[in-house]
């Protein structure tokens with residue numbers, strides 16, 4: 001249980017899938033397969049990177065909570 005929310009394995013699976021999809025999107029943006037012009041390209045890169053970081057921290061907290069608490 002984390003912050004009063006019972007942790008279920010489906011939360012960990014969903015978190016891993018979402019992080020994986022965001023990583024693929026970030027990779028495609030970085031390789032310019034998905035194109036943004038000018039400053040928008042850097043803004044999208046930064047925004048997606050912060051989203052990946054936040055979700056990775058949440059995913060790690062849920063995993064630690066599930067396996068060790």
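Going by what's in this entry, would residue 31 be described as surrounded by fewer than 11 Cβ atoms within 10 Å (Cβ to Cβ) and at pLDDT below 85? No; evaluated as a whole, the condition is false for this residue.
Could you tell me whether segment 9-26 includes any residue that is exposed (fewer than 13 other Cβ atoms within 10 Å of the Cβ) and touching a residue at least 12 places away in the same chain (Cβ under 8 Å)? Among the residues of segment 9-26, at least one is exposed (fewer than 13 other Cβ atoms within 10 Å of the Cβ) and touching a residue at least 12 places away in the same chain (Cβ under 8 Å), which makes the answer yes. Do we find a residue being in a helix (DSSP H, G or I) and without any contact (Cβ under 8 Å) to a residue 40 or more places away in the chain anywhere in segment 58-66? Yes; the residues of segment 58-66 include at least one that is in a helix (DSSP H, G or I) and without any contact (Cβ under 8 Å) to a residue 40 or more places away in the chain. The condition of being touching a helix residue (DSSP H, G or I) at 6+ places or on another chain (Cβ under 7 Å) and assigned to a helix (DSSP H, G or I) holds for only one of 34, 13, 52, that being 52.
The values are calculated or read from the model by the stated rules, or taken from the named source; none is laboratory data. None of the values given here were measured: they were computed from a predicted structure. Heads up, the Cβs are rebuilt from the backbone with ideal geometry, glycines too, and the neighbour counts pull from every protein chain shown.
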